[in-house]
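In what follows, a single structure is set out as structure tokens and then discussed.
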Amino acid sequence: MTVNWAGNVRYTASEYVRPFTVEQVRKAVANAGRVRALGTRHSFNDLADSPGVLLSVADLPPIVDVDTTRATARVAAGLSYAELAPRLDAAGFALPSMASLPHISVGGAVATATHGSGVRNQVLSASVTELDLVTAGGDVVTIGRGDPDFEGVVVGLGALGVVTHVTLDLVPAYEMRQRVYGGLALEALDDHFAELMSCAYSVCLFTDWRAPALTQVWVQERVDEPAALPSWFTAEPAEGPRHPVDGMDPVSCTTQGGVAGPWFDRLPHFRSDQPPSSSGDELQSEYMIPATDAVAALHALDEVRERIRPALQICEVRTVARDGLWLSTCTGRDTVSIHFTWVSDLSVVLPVVRLVEERLAPFSPRPHWAKTSVATGEYERLPDFRALMGRYDPAGKFANAFTERHFSGPETSGRNR
Ligand SMILES: Cc1cc2nc3c(=O)[nH]c(=O)nc-3n(C[C@H](O)[C@H](O)[C@H](O)COP(=O)(O)OP(=O)(O)OC[C@H]3O[C@@H](n4cnc5c(N)ncnc54)[C@H](O)[C@@H]3O)c2cc1C
């Protein structure tokens, strides 16, 4: 367990533990000099690493306790979306949204504000109503909505402790259909971006920046809430199943072509029983900008598309509804996310990441916490988060190089480095 999923980060931790009980998690944390939670290793930077112990909660009992009256579920944080979703569905419930890859752990997704798409859909962290956190001394604290620390703790980036369980708000289970369309000129978005992104429950746009055009538009409608495609929308339905990267085998992709199916088998791009086609041979970056700046930002990128192309596999544009979590990349603003799946060579990718960040700078981009970036986003509550770090982890047991780069300040001085 020495590298992340993409193979670009070699963890420096000297030990990897997988406790079976919360008691064992408590002891492992209490006894460690330095420790961090590790999820399913899908982050693309050194966020998850620790100079001491990496601790996975994947072997804790895989509980999914649905409270049908409250429409919530208490869930083991080590479960993946793919393990959780069918169990919620069987109980008649669903998550409002899912990441593109269902193999990701709930704990890792919540800790980093992982999101899907949809103008009304928030990051997974916004569904959390309560969580159990093993803090530096090995105590378990339960923190819920209404607690003054709650909105700081949820997107905790592993810097405040190890989350063993989360309670999630649910919605009634629903069925969906997804259809893929191809070929739409970028300029079609100029006056219609908001209309297109809100014409269905979830809409995702793809471009390879070979031309000022979208290569694919994925429209995901709820069966009980059909898409209302605008009259100007001229893109043709794809003739068969498509992978987001043109030319790649769609065998790993969820069912398209308007076939109805359960929410968890349509919302992610990739099937849970298959690895995505690149199988980790990629890097990713993603930037969250205010939704109102989307068109200007896309044109700013279009001006340098010739320079983006050599590093790019595919660029995806999605929407995410605002929340109030301190370190959520969507905090305080309805968001458009501009995502890049790069080739796996960092020496090719890094100059282009810098270029993209330069082009997006006027739009106050917040980089995805778990992806490759150079810039740091702006967060009003950052000083409050640093204060939480100082309070929950005064000795810096959960600190690592990433937290030092992003969060060192007066509130955390004197802790481990
Ligand atoms: C192919 C692919 C597709 C992706 N698609 C999307 C997408 O659609 N939307 C999106 O937003 N992101 C996406 N991501 C990014 C992904 O959601 C994040 O990297 C997420 O953090 C991965 O979760 P993980 O369990 O692998 O976490 P890890 O990479 O293992 O850890 C990430 C962070 O979470 C913390 N963490 C993990 N578990 C716990 C826990 N139990 N308690 C406390 N902290 C914990 C770690 O300490 C670390 O700081 C994608 C990544 C890949 C590889």
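The values are calculated or read from the model by the stated rules, or taken from the named source; none is laboratory data. On a predicted model such as this, the values are computed, not experimentally measured, just so you know. Here Cβ is always computed from backbone atoms with ideal geometry, including for glycine, and neighbour counts include all displayed protein chains. Heads up: the accessible areas ignore ligands, DNA and RNA and are worked out on the full protein's heavy atoms, side chains in. Shrake-Rupley method; radii C 1.70, N 1.55, O 1.52, S 1.80 Å.
What the table shows:
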read-out	value
Residues satisfying the stated conditions in region 107-139, i.e. of a type outside the set (A, V, I, L, M), under 10 Å from the mean Cα position of the chain (by Cα) and not in a loop (DSSP other than H, G, I, E, B)	108, 125
Region 228-273: number of residues that are without any contact (Cβ under 8 Å) to a residue 40 or more places away in the chain and open to solvent by less than 50 Å² (accessible area, probe 1.4 Å)	6
Looking only at region 189-202, and only at residues there that are crowded, with 19+ Cβ neighbours inside 10 Å and assigned to a helix (DSSP H, G or I), the one that is nearest to the chain's Cα centre (by Cα)	197
Selection within region 265-295 - in contact with a helix residue (DSSP H, G or I) (Cβ under 7 Å, 6 or more places away or on another chain) and not in a loop (DSSP other than H, G, I, E, B)	270, 283, 285, 287, 289, 290, 293, 294, 295
Selection count, region 93-103, where residues are more than 6 Å from the ligand (Cβ to nearest atom) and touching a helix residue (DSSP H, G or I) at 6+ places or on another chain (Cβ under 8 Å)	7
Conditions (1) within 14 Å of the ligand (Cβ to nearest atom); (2) out of contact with any Cys (no Cβ under 9 Å at 6 or more places or on another chain); (3) open to solvent by 10 Å² or more (accessible area, probe 1.4 Å): number failed by residue 160	(3)
Unique residue being open to solvent by 10 Å² or more (accessible area, probe 1.4 Å), among the aliphatic types (A, V, I, L, M) and within 14 Å of the ligand (Cβ to nearest atom) when the list is 106, 140	140
Qualifying positions in region 163-188 - open to solvent by less than 40 Å² (accessible area, probe 1.4 Å) and not hydrophobic (A, V, I, L, M, F, W, C)	164, 165, 167, 174, 178, 181, 182
Scope region 354-385; condition within 16 Å of the ligand (Cβ to nearest atom) and buried (at least 21 other Cβ atoms within 10 Å of the Cβ); matching residues	365, 366, 367, 368, 369, 370, 371, 372, 373, 385
Evaluation of residue 385 against (1) aromatic (Phe, Trp, Tyr); (2) closer than 29 Å to residue 218 by Cα; (3) not in a loop (DSSP other than H, G, I, E, B) (one fails), failing number	(2)
Strands (runs of 3 or more DSSP E) lying entirely in region 1-92 (those with 2 or more residues that are crowded, with 17+ Cβ neighbours inside 10 Å and more than 13 Å from the ligand (Cβ to nearest atom))	64-67, 72-76
Any chance residue 120 is more than 12 Å from the ligand (Cβ to nearest atom), within 25 Å of residue 333 (Cβ to Cβ) and surrounded by fewer than 20 Cβ atoms within 10 Å (Cβ to Cβ)	yes
Positions within region 16-31 being closer than 21 Å to residue 166 by Cβ and among the basic types (Lys, Arg), in sequence order	18, 26
Test result for residue 23, in contact (Cβ under 8 Å) with a residue 12 or more places away in the chain and not assigned by TED's automatic domain parsing to the domain that holds residue 125	no
